[in-house]
Structures are given as structure tokens and as C-alpha cells.
1. Between chains A and B, what is the buried accessible area in Å², counting both sides, with a 1.4 Å probe and ligands, DNA and RNA left out, to the nearest 100?
2. Measure nothing fancy, just the Cα-based angle from helix B:139-151's long axis to the longest principal axis of chain B, in degrees from 0 to 90, nearest 10.
3. Can you tell me the alpha carbon radius of gyration of the protein assembly as shown divided by the globular rule-of-thumb value 2.2 N^0.38 Å?
4. So what is the relative contact order for region B:1-98, in percent, with contacts set as C-alpha pairs under 8 Å and at least six apart?
5. Considering only protein heavy atoms and a probe of 1.4 Å, how much of the accessible area of region B:58-136 is carbon and sulfur, as a whole percent?
6. Does chain A come out rounded, prolate or oblate by the C-alpha gyration tensor, with a ≥ b ≥ c the root eigenvalues, rounded set by a/c under 1.5 and, if not, prolate when a/b is larger than b/c and oblate if not?
7. Just need the relative contact order of chain A here, percent rounded to a whole number, with Cα pairs under 8 Å and 6+ apart.
8. As I understand it, the value is the acute angle between the Cα axis of helix B:113-125 and the longest principal axis of the Cα atoms of chain B; what does it come to in degrees, rounded to 10?
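The values are calculated or read from the model by the stated rules, or taken from the named source; none is laboratory data. Since the model is a prediction, treat every value here as computed from it, not as a measurement. Virtual Cβ from ideal backbone geometry, glycine too; neighbours counted across all protein chains shown. Note: accessible area is taken over every heavy atom of the protein model, side chains too, but ligands, DNA and RNA are not part of it. Shrake-Rupley method; radii C 1.70, N 1.55, O 1.52, S 1.80 Å.
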There are 2 protein chains.
Amino acid sequence: MSKVSKVFLSEKEMPKHWYNLAADLPTPLQPPLGPDGNPVTPEMFAPIFPMNLIEQEVSPERWIDIPEGVLELLYRWRPTPLHRAYHLEQALGTPAKIYYKNESLSPAGSHKPNTAVAQAWYNKEFGIKRLTTETGAGQWGSALAFACSLLGLECKVYMVRISFDQKPFRKMLMGAWGANCVPSPSTETKTGQAILDKDPDTPGSLGIAISEAIEAAVMDESGQTKYSLGSVLNHVMLHQTIIGQEIKKQLEIFGEKTPDVVIGCAGGGSNFAGTAFPFVADKINGADIDIIPVEPASCPTLTRAPFLYDHGDVAKMTPLLPMYSLGHEFIPPPIHAGGLRYHGMSPLVCAATLEGLLNPRAIHQMECYESAILFAKTEGIVVAPETSHAVAATIQEANKAKEEGKEKVIVFNLSGHGLLDLTGYDKFLKGELTDYALPEEDILKYTEPLADLPKPSMAKTGKW
Amino acid sequence: MSKVSKVFLSEKEMPKHWYNLAADLPTPLQPPLGPDGNPVTPEMFAPIFPMNLIEQEVSPERWIDIPEGVLELLYRWRPTPLHRAYHLEQALGTPAKIYYKNESLSPAGSHKPNTAVAQAWYNKEFGIKRLTTETGAGQWGSALAFACSLLGLECKVYMVRISFDQKPFRKMLMGAWGANCVPSPSTETKTGQAILDKDPDTPGSLGIAISEAIEAAVMDESGQTKYSLGSVLNHVMLHQTIIGQEIKKQLEIFGEKTPDVVIGCAGGGSNFAGTAFPFVADKINGADIDIIPVEPASCPTLTRAPFLYDHGDVAKMTPLLPMYSLGHEFIPPPIHAGGLRYHGMSPLVCAATLEGLLNPRAIHQMECYESAILFAKTEGIVVAPETSHAVAATIQEANKAKEEGKEKVIVFNLSGHGLLDLTGYDKFLKGELTDYALPEEDILKYTEPLADLPKPSMAKTGKW
């Protein structure tokens, strides 16, 4: 019998609770603030989200039961396997044992459906008939389209126009699942119409698309439309924690105890949080784990931005969130990892970073593609450009273990496959890809104007 | 605890042998013939294939051990889960129980890697350094690129030029796995150059690409290059039988005995054979199973073509194979299921059809897309255009069970996902898709000239 390459779990063995890091943070999470500088109350979220999800957003409970209805939706593709990367280890000649969780096996190709099905289910329970959302390249839009399709909800996706035109395949995928995907800015909202009146040829932006999706939800007088977000918020992080809980069970089956290093890429923070938070809980309780969120050097939120209160979107429709931010007007360079091009970061991930529980790292795009090519050639999976950041950090850590001569256990989350994002690989292989590290003056340009906003009191970094 | 949605197997439970239907066919399979009308000897295949694979091609053994090295390659993604399609059943209101085997979870997105890794491994064992092949839309080319990448073999893919230009993504995928993919006709072979000299703007064809790939293998004087084929041949069918064997184990875990209906789409025959042959063995031994290969109405090989000896390719480079054929010069209409656009069919699948062991069916493209959309909305997976034919037949059978009021067990193979083939869905949803059933005169036009070729003696259908 050969060595075991991967471990499945049965549906019965799938975790039945979500883990809420907010319950265990040494310093309580600070609240989002309204435009007046006062904390936002749950009721103020009510026009946008259903109350059952708002309750999760503000919940102080450590464990939250996953309803049977959500479990049944997750069983469509979960639990996902944990693989041992024997062939990558061999290619690197490292004494480290590398494991990866394969979240690319969902029908939408990433971890995003974990929260999409939960959000769609809670909205349906609340009597909602229709969800709106925004999407950039289409990962989140297609995940929500998938979830709404399974539950018979209508789904309206505002997709940034330049992606809508240049990347038609995720739009077609949403169509196959019955979603209505329109280019943003659209003529269907006041926000969109106003922008089009001023500039009919605008390429659009995620900020505009968020504004349109929220407007479309709020303006439906029947009250049957809500808005859905794929990252950043607490309840989204919560829904992803099934990933890390499964990893723990699977590492145990592989005969491993606590891993030495846990790695995930981080844009808004959701796949990282889902992977890492169950291990952060162990670290709070004394375990010695190096937990690494990995971001692009061109959009270095956790590693270089100040911690402050900032808006989640360009149009300032969202409340002020306590987070590391490059400024809500910051426009990240056009790297291929579209899902990591976000100016802010989940407040929970930021709080854990502030507490010293995480060890963030920024990596250049070129090194990420080099690492992804090595992974494809050894382990056989062509990963998403976002995921290539986690692969690159894993290879860095495996090489470090080699230098140190230590048999470390490294786990990373393979958050998605790259089958709908192959252009970056093609450009890299043709030598056409450029790299980009954010200059200091850009950070200052976009963050200095934020000095007028309220300041969070737990800022321990002294950067601000 | 909710109902079980799907069953995994551990790597330990994965079948360790391939099943060879040739051993059990009531009438022995007739041999391929050379240009002189005499049977081709194993030695005559030697310039193209390594001898260890030729031995499998002509083997009379019922069970062939899967070498440990191949098992380790299959463990990268296998065993694949068997799902129960509760939600499709519910939508149809059928008393039938529908199961599907999910072969879309391989890194290349289909069942093709099952034989790609086996062929690459045997070639490497034989001392081969480089494989050549042809590909149409790119499914097979990317599967072989994946396999060669894992084993450190060079891979050269001749891709039909019109697909190379119009469908760049599978080409990029092959590139990520390190394969060298060129448009066919190319300037790299005599065949390609001659065709380009005559018509520099030719869109190419699978026939031309096959000729180029074989020429490139044969012309390498070092003897270190061989050719690899993704379907039709006996050893390819053999390698796929792991699918049906896994299904049997998984049905047992679900508490099912022999299924009533087994379904797979059929172009060259490999995913169908892999799924069905282990059940054909049971049928030969008396089990009552309806086994249905499904083909497009526009390319109705098993359902409407005569059984005869014909070439596998347009350029007549291959031996004459005993099969149902629409004629080697037949050019199928441009339906989206590119993998089903083949004039012939695996001799083993044809022989089983002749023996009355299979019940082939042809379905129109429009019904296939309608069925695939229903499947996407209920079960959540966007299937490949090829696979949509299996889904359509499954829905037909489930509706028949409803009319008859019978609780049948139906199993089909979900041979691949459609993430790299979304254009057909888009056109279908926009109402731009056309359908096409092959007119009788087209069949006659391409098959009547074949009357001069040798005739197989086991033709029981009386069609020829």
C-alpha cells in the first residue's frame, strides 16, 4: 500500500458549528461607526441585510450551530479533501511536510460558496425573494448565483463593466445558474445612471458596483430584496470557518498534531479567516503556530497600511470599519489576482493582526506565478492567481525549513482553481507580466486624508 | 442527521485492477486491418505506441493489475464521489433514484486524465521521453499535458487551428502544465507543411492533427517519442473502467444492488466504456440492466451508421477498425459538444452494441442544453456540453419511470464540467442555438464509398 495522498471526511464527520473568533479576541472588536461617528446599531443594517444574519454579525457567541438546511447545501460538495503535497516537497528537497486543503472542488471553483449558500439560506428563511450583489472578475457573483439557484432565489449581479466586457465567461456561468448579471454602471439605478450621464464610457469600479447593488436592495419597496457581500464582514468570516475545522480533523487522521505554519491568501480576508481562525483560537490558548495571511506587494494592506476607521467602498455607502486600510479611494494596480485587490481588510483579521496573533506577509506577483507553475507541475493543480500567493508563502516556508533542517508541518488553503483565470499564466510564461510594489507616497496620498475620520482606540501599532 | 448526498471512497478502497471487456464478449473482437486487408500485428503498432501498451491493446485477460506507480498518479484526485441527485429527482417528481459519478473533479476537469496518467506512466517505463497527440477543443490535450507534467515527460500537442485561435484557454492551461501546443496544420511536419502550401488559411481538422502527431512520433529517429490517443482504442477503454468499478462499490454503500439503468455520453467511447463495461460484464452474466450510450442527433454513429471496417482518421493513417462509422470523411456539424463529434466509435463499444448488450440513443443539442440547465439549477454543477447528453437521457429515463410508476435506480457519469465551454450555454440562453439532425443522404454520401473496404464478419445488424 502506498502512502496516503489525501484524506476525505464523510458528510457525518463534517463540522456542525461555525467558530466565531470575536468571542475569543483578547481585546473586544470595535464596532462599525455611522457617518455621525457613533456606533452602528443592528437595526441600521436592517434595510440591507436580514436580521438573522445581522445577529451573526454582532454575535458574541463562540460557536454557532450550522442549521440543517445549510448543512444540506454544503453537502453538495463538502467536506473537501486535505492533500499531502509529496511531490512539491520532493521538488523543493524540504524536510517540511506540506498539506493543502482543496477548496477548488466546489461547483463554482472556490471557497466562496461556503458563505454564499449560508447567506442565501438565511435570507430565504427571512422571507427574502431576491439578492443583489456586486462582483469584479466574477468569482463572488458566480458563487452567489450558484447558491440562489439551489434555493430558488432571484439573483442580480452588478459586474464591473470592464470585466463584463473583457471576461465574459464568469458572466456566462452566472447565466447558466439563472442569475441576471448586468454591467455596472447600469441604467437600472440612480447611482449608475448619474455616473453614465457624466461619463458614458466609464470602465466602472467595484465601488460603483457596490453602490448600485445596495441601492437596488434598499429601493425595493416590497422589502423582499436584500444585499449580499462575499467577504470583509464578520458573518462571512464565520461561515468560512468550516474550512479550518475540517483541516484539524483531517490532520489528525494524517497523524499530525498542531501544525507549525498555517497559510492563506488575504484580500477581503474570508478564505484566510476560514482557514486560520480555528488555529488562531489554539494560539490564543498557547499553541505555537505561525499564522500567515499573504497579500500582494502591490496592495499591502496588513503589512504596510495604517490601522484606522475607513469605509469599505469608494462611494462611502458602508459604515466606517476598524481596519488596516490603504484608503477607500485607493485603486490597486491591475494585478491578475483580482480578489486581492481591495483597499481594506476584514476587521476580525485586522484585530487578530493587531493582537500579534498573525504574521502577515506581502509577495510580488512574479514570485507568485513562479510558485504556481511549480505547483502545477508537481501537484497537478492550476491554482487561482489569488491562491498563488498562499503557494508562494508555503514555498518560502518550506525553503526556510530546509535551511533550518526542521521537519515543520505547513498547511495552506488552496482557495480556488485558475481555470477561468488563465490569462495571467499565459502572460507570465510569455514574459509579458510586470510586477509592482506599492510606493510609500501612494500609501500616504490615499491614507493621509483619512485623518479626519474617527480613530479606533485599540490601534497598538503606532503607525497612525 | 440528514440523508447522505454523496459517498467517497478512501484511496485504499480504490479498485486495483482494470476490467477488460474483450475477455467476456460472446463473439471475439475482430482485429484491426492494415492497408492490405490483413490483420495488424502488435509489431506494426510499435513505431507509434510502446510495447507495454500494445500488449494491453490486444490482451485477452479479464483483469489487468494497475501498477503501483499508476495508482499513485490516480490518487492525486481519485476516487471520485458518487452523488445522489435528490434535487433533480424532486424537480422531476420522479420515483426514480438518480445517482451520478463526478468525474469533473480531476485537475483537468474531466475523466480524460484516467488514461492520460496511465499512458504517460507506461511510456515512461518503456524509456520514452516525449509524447505527441492531437486535440480538438483541448480536453484531451490538457489531460495529457497534466499527465506528462507529473511524470516529467515532454508533451507536444497539435491543436486544430480554428480552436487554437478561437478557444485560447485550454491552450493556456496546457502551457501552465509545460506542454508545447501548436496550431495544426503546423510547419513542423511534412503533412502540415504540405497542407499549408496548398491552403495557408485552412482552419485545420482533427484528421490533419492526428496525422501530424503520428508523423512527429514516427519521425523522431531517437525512438524516444511516441504518440498517445485519448479514446477509441481498447487500452484507453480499459484505463477508464476504474470509473464503473468505483460506482459499484459506492452504490453498495448507498444500499443499492444492481442499477436498472446505466448512462454515459459517447463520442469515441471512453467515458461511456469506463462507466458501463463493469456493468456490461454483469449483463453478460444475466443481470437485467439497460445500458445506454448517448450520442448527438447530429453525429449518430451507434444509432444510425452502418457497422463496417473504416479508418479512425480522415487521412487514413490509422488501421481499419471494425466499428459503426459515418465515414472517415464525414465532417460533423459544429455542435458545442466537440468531444462527441467523431465519425466512428470504439470497436469495443461497437461490439457490445452488436451483441445487443447496449441500447444506444441519439438526442438533439437543444434538449441536452435544456437538461443541463435544469441540472445546474437543481444539482448545482454546470456540466460539459458532452455530459449534457448523459443528463438528457437520464431525465428521459426518470420521466419514463414516473409514467410507469417504477422506483428505478439510474446511474450516469458526469464526465466533465463546462467551465471552459460556457459559450454554448450563453447561446442557448440567448436563443441563438440551432439544432441539427443528420439527414439520411449525408450518411449515405459518406458511407457508400466505404463499400470497397473489407467487411467485418460479425455484422449482425443487417444494415450493411
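1. Values: alone 18000 and 18000 Å², together 31870 Å².
For chain A against chain B, roughly 4100 Å² becomes buried.
2. With both axes taken from Cα atoms, the answer is about 80 degrees.
3. Details: Rg = 28.0 Å, N = 928, 2.2 N^0.38 = 29.5 Å.
Rg over 2.2 N^0.38 Å, computed on Cα atoms: 0.95.
4. Working: 78 pairs, mean separation 42.1, N = 98.
Computed over region B:1-98, the figure is 43 percent.
5. Working: 1120 of 2300 Å².
That share works out to 49 percent.
6. Values: a/c = 1.35, a/b = 1.31, b/c = 1.03.
Verdict is rounded for chain A.
7. On the way: 968 pairs, mean separation 87.3, N = 464.
This gives 19 percent for chain A.
8. It works out to around 40 degrees.
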